[in-house]
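Have a look at the structure below before the remarks.
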Amino acid sequence: MIRLLSGNEAVARGAWEAGVAVASAYPGTPSTEILEEFARFPNVYAEWATNEKVAVDVAVGAAYMGRRALATMKHVGLNVAADSFMYASMTGIEAGLVIVTADDPAMHSSQNEQDNRMFAKFGRVPCLEPSDSQEAKDLTIAAFELSERFDTPVLLRLTTRVCHSTSAVELGESANQRISKSANDESANVRMAVGQSAICNLQSTIRTFPRNPAKYVMVPSNAVKRHPVIEVRIRAVAEFAETYPFNRIEPGDRGLGIITAGVAYQYAKEVFSNAAVLKLGMTWPLPEKLIRNFAASVDRLIVIEELDPFIEEAVKLMGIPCEGKSIFSLIGEFDPRVVRESAIKAGLLPAALHVTLPAVDVGPLPGRPPVLCAGCPHRGAFYILNKLKVPVNGDIGCYTLGLIPPLSAIHSCGCMGAGIAVAHGAVKAGSSERHVAVIGDSTFFHTGLPALANVVYNQSNVVTIIMDNRVTGMTGHQENPGTGHTLMGKTAPRIELEPLVRALGVKHVKTVPAFHVDEIEKTLKEYLKLDEPAVLITEEPCALLPEARKRWVPLVVLADKCNGCTLCFRIGCPAILKSDELDEKTQRPKALIDASLCTGCEVCAQVCPRDAISFRPAA
Amino acid sequence: MKDTINFLLAGVGGQGTILAADVLVNVGMAAGYQAKQAEVHGMSQRGGSVTSFVRWGKIVYSPLVGAGEVDVYLAFEKAEALRNLNQLRAGALAVINLQAIEPITVTSGGQSYPDDDRLRAKIAEVTDKAVYVDGECIAGELGNSRAANVVLLGALSALIEAAGLARPELTPEAWLKVIEGRVPAKYVELNRKAFQAGRETV
């Protein structure tokens, strides 16, 4: 059967068809949907881990147990998981281990556009790169086979345009289905049924952890013996890559040869219809003989790859002349136009192929930045932070949008979990101001906890606000340890933030309803007078959660009381509009509330000095 | 009839652009084309600009469409219609929804929203094949303004047909079959009417 699937759906499908038993991930665009999709298949276990490092360790544990395992994350998640990725390479596994990295060229929703193929080289780990959804499925399955054949983790590298583009996929059946059909077979036959591998299915009989410390305990005396093993291994994979069916030559005009991989392959095929192409499904290690032969068969060799000159540099190190980043940018993502216009500039294509843009001057257009939603529980605290004029060290999540005017209340934000420790460092460097760190509930569990422990242990007066909206918001409402539910829909113990923070030794902790603006202001002012760590937890479920939607009640502006003072505009709520009606005295537009957007959070009503915005009717 | 047809859908998060793109890519496949779709999720879900590409063709490689190569434009919102205008090929087919969603930079900031005269004048500089549809109003009269995206798809289907752009297999029924597979049963009738009403605007 053929179905249209996104690349993420195809990876989930491939993992299921490959018989993956355990999958763990932390949500992150553009990778999030992989685990959401995978969790819907029968007879699998999938979970949201607290962070990407934990996810990789969980997958490693399952793979040590002889079950195929998957960990997925966005590219920067692999930075968090790097330590685990590196030891997993050293130890190898008992059953297939695949780590998915979803890179984000052009930074559609990321803080950088790092090229994670570098991690493959760094860790002596093979890297597979699909270029569409069919390949995303096929290479996911192939990654498990490769992992088991060479006793190595495999990095499956996606990019945004593979993750979030949709194309046709031929569906197959699950390895576990194939196995259950032959339920009476000996386990050796089961192994045959699923490929080269060791045991990789739920029906496996092994239920004890391997006792093989020489392989799985990476103390120096064992590690020194493992290092040569992984160097030999990656050379063996390189040899294997020479005839790997996913590395293929598509013959063409010998004038120009193109080496390409990932979604860049699609642009190359679109733009250069006649060129010879070496399409690499495995981008680390590289098949030197295949590349050498291909290079010898063409007059001019170019590499078309997004981001870093990863293939290009390796080819040049082989002593093979080629061009790449001298023609195609290492910044941002490609599309057919980028590739074509760059090629015309380099003389690879005739200028006649240039596509002229309409070049209409459309005039000034209003910006449409992403903003905190109407009714967002983060808004009140940011309004107060802006009012208090304190430096705020922020973090990654919806609440990063506290940056956007008019709230303009975030002064640093680098990566998940950074804010608290950055604030601590600024204080230790003698900052003359009081620092506030802002972090969300999910991010606090991700990497905020150790940073807060550090504030307590090393004694700075950082005031931390944990904005607890009871969900992982920005990636589209995933469960986390504070929500009371798991990815698979089971109820779970809810880890309460306040006792947790107290247990770390923070003496000043208060949980305040996130819509109580005055109480947030009062508590913050009180904490800013102390010279000790303090934590304010603002609590209110995300306004977009189904339960919260049921409580929406739009408020109204009492036009006779409103004098157009504009104070309510300063909370940056998309539901507050400028009315056509001007105040007679001030000649400024009065406020108007868009009833279709307003949730009735009452932050504006509390901010209004003239009681011109109604509160919710008393319950 | 064109070998490859490049669509661009532009709107604001929450307007149903993603559902419309999903319908388009599936309609293309049902009509026997290779079909691909690409969009960006993430920050755009929080009220930001959203764009989606859909491509139909004999062979489709790239999921993205380069600027200047859009054949069919479906704009769900007026400011977004202008924002993406320079992506179009001259003379592209266009369905422009006459809805304004004022961003916060207008509602509580100092920026101004483009007026309809400018919208029409600028679009006319690129193409004379644009139709303007008040999708929310038409869908609202049918009982639910949220079916506006299906009104727009109806208009788009008629426009493609009139221009002879696509394969003859692409009948209104082929579109409806895909749409009906994507809406709850109780809204099937509403969506049929919305699609038909959209077709009648062309």
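The values are calculated or read from the model by the stated rules, or taken from the named source; none is laboratory data. Note that the structure is a prediction, hence the values are computed from the model and not measured. Every residue, glycine among them, receives a Cβ derived from its backbone with ideal geometry; neighbour counts consider all protein chains shown. Calculation scope for accessible area: heavy atoms of the full protein, side chains included, ligands and nucleic acids excluded. Shrake-Rupley method; radii C 1.70, N 1.55, O 1.52, S 1.80 Å.
Put simply, the Cα atoms of the stretch B:4-201 extend 49, 38, 33 Å along their principal axes, the longest span coming first. Using R0 = 35 Å, the C-beta based FRET efficiency linking A:Met318 and A:His227 works out to 0.90.
The packing ranking, built from the mean of other Cβ atoms within 10 Å per residue, places the peptides B:147-156, A:476-485, B:190-199 in the order B:147-156, B:190-199, A:476-485, highest first. For the chain pair B and A, the interface hides roughly 4500 square angstrom of accessible area in total, found with a 1.4 Å probe.
Within the straight-line cut-off of under 19 Å between alpha carbons, the aspartates and glutamates reachable from A:Lys578 are A:Asp560, A:Asp594, A:Glu602, A:Asp611, B:Glu102, B:Asp115, sequence neighbours fewer than 8 places apart in one chain being disregarded. 3J(HN,Hα) along the stretch A:221-230, derived from phi through the Karplus expression 6.51 cos²θ - 1.76 cosθ + 1.60 where θ = phi - 60°, amounts to 5, 7, 5, 5, 7, 7, 4, x, 4, 6 Hz, with x in place of Gly and Pro. Accessible surface area normalised per residue over the protein assembly as shown is 39 Å², counting heavy atoms of protein chains with a 1.4 Å rolling probe. Take each residue of peptide A:165-172, count the partner chain Cβ atoms within 10 Å of its Cβ, and average: the result is 5. Computed 3J(HN,Hα) for the stretch B:194-202, one whole-Hz value per residue from the Karplus formula 6.51 cos²θ - 1.76 cosθ + 1.60 where θ = phi - 60°, is 5, 4, 4, 4, x, 4, 6, 7, 9, glycine and proline marked x. When you count the other C-beta atoms within 10 angstrom of each residue and take the mean per peptide, B:49-62, A:109-122 line up highest first as B:49-62, A:109-122. Taking the accessible area of the stretch A:406-468, probe 1.4 Å, and keeping the other protein chains in place, the carbon and sulfur fraction comes to 57%. Taking the Cα centre of the stretch B:141-190 as origin and charging only Cβ (+1 Lys, Arg; -1 Asp, Glu), how large is the dipole, in debye to the nearest 20? Computed charge dipole of the stretch B:141-190: roughly 200 debye.
Note on A:Lys225: lysines with a C-alpha under 17 Å away, same-chain residues under 8 apart excluded, are A:Lys215. With 28 Å as the limit on Cα-Cα distance, the pairs of A:Lys269/A:Lys345; A:Lys74/B:Lys122; A:Lys74/A:Lys507; A:Lys137/B:Lys78 that go past it are A:Lys74/B:Lys122; A:Lys74/A:Lys507; A:Lys137/B:Lys78.
Take the Cβ-Cβ distance between A:Ala352 and B:Asp116 as r, set R0 to 45 Å, and report the resulting FRET efficiency rounded to the nearest 0.05. Efficiency, from the Cβ-Cβ distance: 0.70.
The label point for A:Ser326 and the one for A:Ala429, both projected 7 Å from the Cα toward the Cβ, are 4.1 nm apart. The amide H of A:Glu306, built 1.01 Å from its N in the peptide plane, has A:Ala264 as neighbours under 5 Å, considering only residues 5 or more places off or on other chains. Other protein chain C-beta atoms within 10 Å of residue C-beta, averaged over B:64-75: 4. Using the structure shown, select from A:Lys325/B:Lys2; A:Lys561/A:Lys585; B:Lys2/B:Lys36; A:Lys428/A:Lys529 the pairs with a Cα to Cα distance greater than 23 angstrom. Over 23 Å apart, Cα to Cα: A:Lys325/B:Lys2. Panel note: contact residues of the stretch A:345-360 (accessible area lowered by at least 30 Å² against the chain on its own; 1.4 Å probe) correspond to A:Val355, A:Leu357, A:Pro358, A:Val360. Name the residues whose placed amide hydrogens come within less than 5 Å of the amide hydrogen of A:Thr166, ignoring near sequence neighbours (fewer than 5 apart) on the same chain. Those lying under 5 Å, H to H, from A:Thr166 are B:Gln37, B:Ala38. Its residues counted as N, the stretch A:248-353 yields a C-alpha radius of gyration over 2.2 N^0.38 Å of 0.96. Using θ = phi - 60° in the Karplus curve 6.51 cos²θ - 1.76 cosθ + 1.60, the 3J(HN,Hα) couplings for the stretch A:452-457 round to 5, 4, 5, 4, 5, 5 Hz; x is entered for Gly and Pro.
Under the combined filter of DSSP loop state and at most 15 neighbouring Cβ atoms within 10 Å, the stretch A:515-588 retains these trypsin sites (Lys or Arg not before Pro): A:Lys550, A:Arg551, A:Lys561, A:Lys585.
Length gained on full extension, A:Val556 to A:Ala82, computed as 0.36 nm times the residue gap minus the Cα-Cα distance: 165.5 nm.
Here chain A carries DSSP beta bridges of which approximately 25% are antiparallel, counting only pairs with both residues inside. Extension gain for the segment B:Ile59 to B:Glu189, taken as residue separation times 0.36 nm less the Cα-Cα distance, is 43.3 nm to one decimal. Seen against the Cα atoms of chain A and their longest principal axis, helix A:82-91 is set at about 30 degrees. The calculated 222 nm mean residue ellipticity attributable to helices in chain A amounts to -9500 deg cm²/dmol, summing -39500 (n - 2.57) over DSSP H runs of n ≥ 4 and dividing by all residues.
What is the sum of charges around B:Glu200, taking Lys and Arg as +1, Asp and Glu as -1, for the other residues whose C-beta is under 15 Å from the C-beta of B:Glu200? That sum, taken over residues with Cβ under 15 Å, equals 0.
Global size of chain A: 27.6, 90 Å for Rg and Dmax (C-alpha atoms, Rg to one decimal, Dmax whole).
Separation of the stretch B:135-202 from the stretch A:452-484 is 45 Å, based on Cα centroids. Solvent-accessible surface of protein heavy atoms, probed at 1.4 angstrom with all chains present, puts A:Ser297, A:Ser84, A:Ser596, A:Ser432 in the order A:Ser432, A:Ser596, A:Ser297, A:Ser84, largest first.
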